[in-house]
Every structure is written in structure tokens, then in C-alpha cells.
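S.K.: I am attaching a structure below and will ask some questions about it afterwards.
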Amino acid sequence: MSAVEGIGDVVAVVLLLLGAFLCLTAGLGLVRFPDVLTRMHAGTKPQVLGVLAIMVGAAIRLQGWSATWMLLLVAAFQMLTAPVSAHMISRVAYRRRHVRRDRLLVDELHTGGEVRDSVYRGDEPADAPPEQPAEALLQSRREDRADGRTAQPPS
Amino acid sequence: MTGGAATPGFGHQLRHQLPLLVWLVLVWNLLWGTWSWANLLSGMLVALAVTLLLPLPPVVGGARVRPLPLLRFLGHFLVDLVSSGALVAWQTVRPRGIDRSAIITVQLRTDSDLLLTILTESLTLVPGSMVIELDRERQVIALHVLHVQDESDVERQRAAVLAEEERVVRAFGSPDEIAALDAAPGESPAGTGRRTP
């Protein structure tokens, strides 16, 4: 009897600590990762797994089914909503060009319009003005020409 | 709008709304935490009120659940969930941080709102990938992939997405959609058939 309770407590403690650690790494990832898209990875995966571990640990430790049902609901909605919010945020971030393109290996979504947005290198909104607009535009044109793209529309 | 939707037949509409109703009653009962007839009845009242006052377009049309493929999907999903959580956690704490990432597009073969939703949700939770754009017309999904080093990683990720799609469709799809899996993957966007109703 007491041995079983002891094992249950140990498992619960391990799960709770593991979940807390995973949530900590999610926070660490938010600080350490370079841009919005990678931060969203840190904000979804370890965090969801951490919440799940905490829920299972709490369900073992808290006896009584009513608490368990509530924890089950929390876990289910966590798994349903975290991907959606991460998707929405990263979609907006991509469209507003909060993307560190120097850290991307390929970008197949980027269709390569008339003039690339290579002026904006960093993690900044699309409508942020460049430091020196004329210089930035000239450099963008130069890079386009070096890449073999034609910036001028075919007339 | 609701009056117009009621005309094609109340039974038909009820069949489409039934999973939603059952889910709402279930959530209500789980929130109360204890089972009683009063909870069940009040839950049904609340669920009916919610579905009548806030009508949603039916999504569940034509979906089936096959037990064995469902178990296979869930097993893969749980393993992927744990491994991806551990992997990303390791990447956050290790000293050299993360490698380069990539944005890839994948041509999907499914053409169903429900299946695409399940696929998108599960893809965001499995290793390395996060959906950033879903072109519903052309069935092209765009993912951000954490941690790629070269082209072979990109191709491996693309194959993983297609395998996940196959598991989802085999678990929940209709026979037509499973047949579409075996068709050549390149022909569906240009094909004239397969329109959403």
C-alpha cells in the first residue's frame, strides 16, 4: 500500500520536475533564438510537452477524478490551441518580414517579386524605413543585378 | 441565415452537428467534474444554445474513423510529440544554439478542411516543423523547419510531411481521399476534377 503510494509519488515528482524544466527551456528558447519563427518553435513544442508532463504528474498526485477531468481538458485545449496561435503569429511575422533571412537555408515560399526586399536584412518590420533610403535602394538594385534578376519590368 | 440553413432538412443538419454537440456536452461535464443527470441535461441545453446561437459551417461531412490507422496515427503522434519536445528543449539549452532553418513548401494531396486542420495541428507539434501558410486552393502547405543543415534535411522533412499526411488520411479520410493518396501527387493541382462542394 505505502510502497505503491511511494512509487506514485516518485513518478509524479519526476514528471512535475520534467515539465517544469521543459517550460523553462521554452522560456530560454524565447530569449536565445534569433527571430520570431524560431522562437515560436520554442514556444510550442517544449512548452506543450511540459504542460502535458505537469498535467500527468498532477493527475497522479491529486487523487479524485474531478481534478483529473479538469487536467485532461487543460491538456486537450493546450494541444488544440498552441499550434493555432503559433501558426497565426508566425504567419503575420512572415508577411511583415520579421524573418532573419541570413539564417534561412532555403525559402521556397518566397516567390521572388520584382524587387527583392534585401534592403531589410534584419528582424524588423516591413514598413520600417531603412537607415539611408537612397543607399539601401541602390544596394538592393546592385544585388538584384548580381543575382541575375531583372529589377526593371519588361517594357 | 440560420433559417436558410434549416431548409435542407433538420435531420441532415443534426447529423452534421452531432459530433459538435457531443463534444460540447462532454466538455461541460468534464468542467463540472462530477457526473449527474442534471449536469448532462444542462450540458445538452447549453450545447444546443451554443450551436443554435453561434452556428458554424459543418466541417465533419464525410469523415470516418478507422480504429487501426487511428491507433497508428496516435502512436506516431505521441512519439513525435515527445521527441520533438526533447529535441527543441535540447537545442535551446545547448551552448551553440541552433543551426540554420528553412521555409519549405509541400504539395499535399488531400482536399478536405477537416483533414487539413488535423494535419496542420499535428505538423506543428511534430519535430522541427511549423506551418506558416496554407494555400487552400492549390493545397500547398508552407512550413518553417528548425534545424536544417543541407538539402537532404529538407527532403527528409518533406517526406516526413507526406508520411504524416498519409497517416492522417488513412485514419480519418473517406475512401475517395485514400484513393487520391495513391494517385500521382503532381497531377492534383492542375487536374480539373476534385472541387470542394
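S.K.: From the list A:T38, A:T25, A:T68, exactly one residue is β-branched (V, I, T), at the interface with chain B (Cβ under 9 Å from one of its Cβ atoms), open to solvent by less than 50 Å² (accessible area, probe 1.4 Å) and touching a strand residue (DSSP E or B) at 6+ places or on another chain (Cβ under 7 Å). Which is it?
M.R.: A:T38 is the lone residue from the list that is β-branched (V, I, T), at the interface with chain B (Cβ under 9 Å from one of its Cβ atoms), open to solvent by less than 50 Å² (accessible area, probe 1.4 Å) and touching a strand residue (DSSP E or B) at 6+ places or on another chain (Cβ under 7 Å).
S.K.: Before we move on, is A:A86 buried (at least 17 other Cβ atoms within 10 Å of the Cβ), under 26 Å from B:L31 (Cβ atoms) and in contact with a Lys or Arg (Cβ under 7 Å, 6 or more places away or on another chain)?
M.R.: Spelling it out, it is not the case that A:A86 is buried (at least 17 other Cβ atoms within 10 Å of the Cβ), under 26 Å from B:L31 (Cβ atoms) and in contact with a Lys or Arg (Cβ under 7 Å, 6 or more places away or on another chain).
S.K.: If the Cβ limit is 7 Å and pairs must be 6+ apart or interchain, which residue in segment B:120-147 that is on the phi < 0 side of the Ramachandran plot and open to solvent by 30 Å² or more (accessible area, probe 1.4 Å) pairs with which residue that is among the polar types (S, T, N, Q) and assigned to a helix (DSSP H, G or I)?
M.R.: Every condition considered, the pairs that remain are B:P127/B:S83; B:P127/B:S84; B:L134/B:T120.
S.K.: Here is a further query. Restricting attention to segment B:89-102, and to residues there that are facing chain A (nearest Cβ under 8 Å) and within 9 Å of B:L146 (Cα to Cα), which single residue is most open to solvent (accessible area, probe 1.4 Å)?
M.R.: Among them, the one singled out is B:R100.
S.K.: Here's another thing I want to ask about it. Could you tell me which of the residues A:G57, A:G6, A:G50, A:G43 is at the interface with another protein chain (Cβ under 9 Å from one of its Cβ atoms) and open to solvent by less than 70 Å² (accessible area, probe 1.4 Å)?
M.R.: A:G50 is the lone residue from the list that is at the interface with another protein chain (Cβ under 9 Å from one of its Cβ atoms) and open to solvent by less than 70 Å² (accessible area, probe 1.4 Å).
S.K.: May I pose another question? Within segment B:103-124, which residues are more than 12 Å from every other protein chain (Cβ to nearest Cβ) and of a type outside the set (A, V, I, L, M, F, W, C)?
M.R.: Passing the criteria: B:R109, B:T110, B:D111, B:S112, B:D113.
S.K.: Within segment B:144-166, count every residue that is assigned to a loop (DSSP other than H, G, I, E, B) and of a type in the set (D, E).
M.R.: So the answer is 1.
S.K.: Moving to a separate point now. Scan segment B:65-88 for residues that are open to solvent by less than 30 Å² (accessible area, probe 1.4 Å) and under 14 Å from B:A171 (Cβ atoms) and jot them down.
M.R.: B:F73, B:F77, listed by residue number.
The values are calculated or read from the model by the stated rules, or taken from the named source; none is laboratory data. Keep in mind it's a predicted model, so treat the numbers as computed, not measured. For neighbour counting, all protein chains shown are included, and Cβ atoms are generated from backbone atoms with ideal geometry for every residue, glycine included. Side chains are part of the model used for accessible areas, which takes the heavy atoms of the whole protein and leaves out ligands, DNA and RNA. Shrake-Rupley method; radii C 1.70, N 1.55, O 1.52, S 1.80 Å.
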